[in-house]
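Before any comments, here is the structure.
The values are calculated or read from the model by the stated rules, or taken from the named source; none is laboratory data. Just so you know, these numbers come straight off a predicted model, no measurement behind them. Cβ: placed from backbone, ideal geometry, glycine included. Neighbour counts: every protein chain shown.
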Amino acid sequence: MELDQIAEVTRRYSAEDMALFAGLAGIDAPDSVPEPLIAALFSYLLGVHLPGPGTNYLKQELQFRAPAPLGVDLTAQVKITRLRPEKHLVDLWACCTTPDGTVLCEGRSLVKAKDVRG
């Protein structure tokens, strides 16, 4: 891991995805992507890619700026902003955007990770 290292994933949610989500949640199908599904993209990146397996959330602050449309590629990205190897801590910036650059969500995460080096 190093400062400014980035991981990203792109996902498109359909009306069918929302119908499945609604069935699991016991709600009416939403007409935009629910905030927990956006946050899950960040969780996926942190747990699988950066820092990766063994990562534990300590803190997360997200601000949702706009509704996430269905049928549009949503790109979630995390970027390392600080490494604290002595405590195994990693600070990251998280952002989710549409192809036209609209920021849907942004915020910070603090995680405990294995093999943090400064």
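General observations
- Condition check for residue 79: surrounded by fewer than 16 Cβ atoms within 10 Å (Cβ to Cβ), out of contact with any Lys or Arg (no Cβ under 6 Å at 6 or more places or on another chain) and among the basic types (Lys, Arg): no
- Test set (1) under 13 Å from residue 73 (Cα atoms); (2) in a helix (DSSP H, G or I); (3) not polar (S, T, N, Q) - residue 8 fails condition number: (2)
- Residues of region 21-48 that turn out to be in a helix (DSSP H, G or I) and in contact with a strand residue (DSSP E or B) (Cβ under 7 Å, 6 or more places away or on another chain), as a count: 8
- Residue satisfying all of: in region 62-109; assigned to a strand (DSSP E or B) and polar (S, T, N, Q); nearest to residue 45 (Cα to Cα) among these: 77
- Of all the residues in region 1-37, those that are surrounded by 15 or more Cβ atoms within 10 Å (Cβ to Cβ), at pLDDT below 95 and of a type in the set (A, V, I, L, M, F, W, C) number 6.
- Answer residue from region 90-115, given it is small (Gly, Ala, Ser) and in contact with a strand residue (DSSP E or B) (Cβ under 6 Å, 6 or more places away or on another chain) and is farthest from residue 67 (Cα to Cα) among those: 113
- Within region 45-73, the only residue that satisfies the criterion of being of a type in the set (Phe, Trp, Tyr) and exposed (fewer than 15 other Cβ atoms within 10 Å of the Cβ) is 57.
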